[in-house]
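Below: the structure, in structure tokens.
The values are calculated or read from the model by the stated rules, or taken from the named source; none is laboratory data. Everything quoted here is computed from the prediction, not taken from an experiment. Note that each Cβ is placed from the backbone with ideal geometry, even for glycine, and that neighbours are counted across all protein chains shown.
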Amino acid sequence: MLNSVGLSFMLLLSAVGAAIVERVGYDYSKYHPMPEITSWMTQMEKDYPGVVSIVDYGKSYEGRTISLLKIGLNTGEKKKAIWMDCGIHAREWIAPAFCQYFVSQILQSYKTDTIMEQMMKDMDFYVTPVLNVDGYIYSWKDNTTRLWRKNRSPGPPGCDCYGTDLNRNFEANWGTIGVSFDCCSQTYCGTKPKSEPETQSVMNFLASRKDDFLCFLTIHSYSQLLLIPFGHPDFTATNYDELMTVGLGASDAIRKVHGMEYAVGTSPAILYPNSGSSRDWARMQGIPLSYTFELRDNGTFGFELPEDQIKPTCEEAYSGALHIITYAHDKTFNGAVVTAAATLWTVLLAVGVTGANLI
Amino acid sequence: MALRIIVILAALMGVTGSPTTTVRPETSSVDTAAHPNSIPETAEETGQNEVFSEEEGAEDVMATGELNPNHYPAQRAAKVVQHYLTTRYGSPYRLFGLQRVHSGNAEDVGDSGRKYQLEIAVHEIISNTTQKCSAEVFFPHGQKQESPQVQASCEELLNISTKAQEEALYQQYKMNQTLISAQNLPDSHGHIEPDTKPLWHLGIVASSFIMLKESNENTLYNMAQVANITQLATENDQLKFDCHTLLHDMVSQVNTHNYELLDALENGRKSKLFP
């Protein structure tokens with residue numbers, strides 16, 4: 001009798017165990033090749049029905065689908081939104097790793113964290129784990145391709161090299177500074193603005209929805225920086241002060257996690273001038289909080305960041321991103337929260353008056 | 001129940017409170033050019049005849065006087081100091097990273113070039129110690145690339161003694177029956193086998209000679225990878241390594257291949273460009 005109970009118990013345990021292992025099976029502390037990321041996206045949609053959905057929004061030069069995860073608690077209304085994209089530059093592997101971590105974090109935390117739950121009710125998160133799909137796949141090919149940066153479209157007639165720098169191809173002061181017109185260059189900006197299908201995908205998707213987006217975060221490596229618009233030294237964003245203040249707040253949040261320093265400023269001040277970046281284009285569309293994140297490290301390993309640094313890098317970047325996202329949310333939804341807070345004060349006072357011994 | 005309300009309320013109040021604004025001194029724009037307050041109405045189309053490459057453009061008006069330590073002029077000069085320290089003091093057991101620039105100053109030296117004075121924090125990665133250094137970097141402004149000249153003083157740099165380990169490794173390599181060789185340090189996933197780590201460091205030392213030589217105010221070099229490092233036969237008590245490294249310049253985003261011969265004595269090293 002005891003034996004059969006014991007056996008049933010063991011079977012039950014192993015079944016539960018297997019279910020748990022399957023659910024937590026994805027290793028966020030490893031770099032994943034594209035097919036694994038695609039399966040992971042499918043799995044996320046399956047695991048969180050009604051919360052996560054895959055949106056295919058474009059095609060790469062080589063004909064692959066570019067997809068994002070749309071994440072939010074569906075209230076049925078048209079919602080405000082947060083944009084995050086990773087892997088616009090193929091070799092920056094820590095960036096797609098961060099997007100995957102970010103998704104897993106917000107999905108884990110909304111169930112217990114009422115602030116995140118509220119944010120998911122008020123906003124949708126649009127996360128593209130790998131924007132430059134062709135480039136990313138190419139960088140996985142072998143040792144000689146690991147440091148590929150651009151997409152994989154062929155050069156214009158007369159130029160033998162492949163690839164356009166997608167982060168110079170957006171319609172934002174295109175071709176004016178920090179670019180090359182030599183198609184072999186790492187910063188080749190393309191034949192014209194929006195010449196690349198990957199660029200078109202983002203621009204087309206956001207163009208009709210730009211009023212919904214509060215925040216545009218584009219994730220890169222390396223250098224440990226938070227860059228604000230604009231890449232051209234002669235142009236300043238109208239909300240420069242806000243961008244700096246919120247950016248510095250994000251940098252403080254990052255430092256609190258593992259002590260890492262991320263400098264904040266415009267690209268021309270901190271790093272180098274550039275034009276045609278997605279961040280600049282997003283800001284010009286009117287998306288107020290537009291940031292480039294440059295993740296770890298400072299050059300010791302550079303693009304080839306060791307896997308044991310994936311988790312700490314993701315943790316600190318999550319903290320920084322959350323600071324910006326929370327600010328964007330609160331700025332927009334402040335009124336509603338104040339009302340809720342006032343209601344709670346009333347309730348609390350009532351409880352305090354009637355049940356002083358409860359606490 | 002009441003406690004839960006308090007917690008929720010506290011959380012909400014934290015959210016509704018005005019965000020703390022801490023404006024660091026570093027935000028003052030010391031060296032950005034004057035700019036209008038408005039964003040452009042329309043994105044500029046092509047038809048621009050001039051294209052500013054990374055070598056020109058914003059660098060027209062280079063920073064002079066007190067520098068913002070977070071901005072690129074001080075950062076690029078400080079990186080040169082890192083390369084310099086590596087060529088002088090780097091070893092299989094000593095590896096430097098630029099931790100932070102505390103302050104910087106730049107001044108023109110007539111027409112001959114620009115001199116930077118820096119207070120920086122350097123991180124010795126293996127012992128995980130940080131210390132302050134004072135340094136001076138002079139970038140000559142000639143027709144062709146000339147290597148910058150560096151003076152640096154970091155008193156405590158050599159306090160952590162690596163002599164015993166270096167001696168042991170030197171003997172080990174000298175006595176090698178088969179000459180040691182390694183490729184792809186780090187590999188695509190950032191991994192380096194523990195017994196090849198000293199070779200990675202040697203590759204960094206070798207490429208620091210090149211990075212130092214090739215640096216100017218428009219570059220920011222890091223070594224991306226040791227593609228191949230092969231020990232050659234020891235000669236006159238000097239270990240010899242053939243190094244093929246990949247360098248990454250942050251400003252141009254270019255990766256360059258470099259080939260160097262590194263001669264290493266126990267406590268000294270020099271390199272020559274190969275071929």
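Miscellaneous remarks
- Test: residue in region B:236-246 that is on the phi > 0 side of the Ramachandran plot and more than 14 Å from chain A (Cβ to nearest Cβ): yes
- Within region B:121-137, at least one residue is part of a strand (DSSP E or B), surrounded by fewer than 20 Cβ atoms within 10 Å (Cβ to Cβ), out of contact with any Ser or Thr (no Cβ under 7 Å at 6 or more places or on another chain) and basic (Lys, Arg).
- Residue match in region B:148-164 (condition: out of contact with any His (no Cβ under 6 Å at 6 or more places or on another chain), of a type in the set (A, V, I, L, M, F, W, C) and farther than 28 Å from residue B:81 by Cα): no
- Options B:126, B:120: the member that is under 30 Å from residue B:203 (Cβ atoms) and within 12 Å of chain A (Cβ to nearest Cβ): B:126
- Test: residue in region B:166-176 that is small (Gly, Ala, Ser) and in contact (Cβ under 8 Å) with a residue 40 or more places away in the chain: no
- Residue list for region A:190-215, restricted to those being in contact with a Ser or Thr (Cβ under 7 Å, 6 or more places away or on another chain), crowded, with 19+ Cβ neighbours inside 10 Å and within 14 Å of another protein chain (Cβ to nearest Cβ): A:190
- Residues satisfying the stated conditions in region B:155-184, i.e. surrounded by 13 or more Cβ atoms within 10 Å (Cβ to Cβ), part of a loop (DSSP other than H, G, I, E, B) and modelled with pLDDT of 90 or more: B:179, B:180
- Positions within region A:288-312 being part of a helix (DSSP H, G or I) and within 11 Å of chain B (Cβ to nearest Cβ), in sequence order: A:307, A:308, A:309, A:310
- Contact map, region A:317-332: residues that are at positive phi and more than 9 Å from every other protein chain (Cβ to nearest Cβ) paired with residues that are buried (at least 20 other Cβ atoms within 10 Å of the Cβ) and part of a helix (DSSP H, G or I), Cβ distance under 6 Å, separation 6+ or inter-chain. No pairs are found.
- Answer from A:268, A:306, A:288, A:312 - the residue that is in contact with a helix residue (DSSP H, G or I) (Cβ under 6 Å, 6 or more places away or on another chain) and surrounded by fewer than 24 Cβ atoms within 10 Å (Cβ to Cβ): A:312
- Within region A:202-231, being touching a Leu at 6+ places or on another chain (Cβ under 8 Å), polar (S, T, N, Q) and closer than 26 Å to residue A:62 by Cβ holds for one residue alone: A:221.
- Contacts under 6 angstrom Cβ, first residue in region A:48-59 being among the acidic types (Asp, Glu), partner modelled with pLDDT of 95 or more and not in a loop (DSSP other than H, G, I, E, B), 6 or more apart: A:56/A:65; A:56/A:67
- Residues located in region A:263-287, provided they are within 11 Å of chain B (Cβ to nearest Cβ) and more than 19 Å from residue B:251 (Cβ to Cβ): A:264, A:281, A:283, A:284, A:285, A:286
- Test set (1) of a type in the set (Phe, Trp, Tyr); (2) modelled with pLDDT of 95 or more; (3) exposed (fewer than 12 other Cβ atoms within 10 Å of the Cβ) - residue A:57 fails condition number: (3)
- Put simply, of B:167, B:136 the only residue that is of a type in the set (Asp, Glu) and within 21 Å of the chain's Cα centre (by Cα) is B:136.
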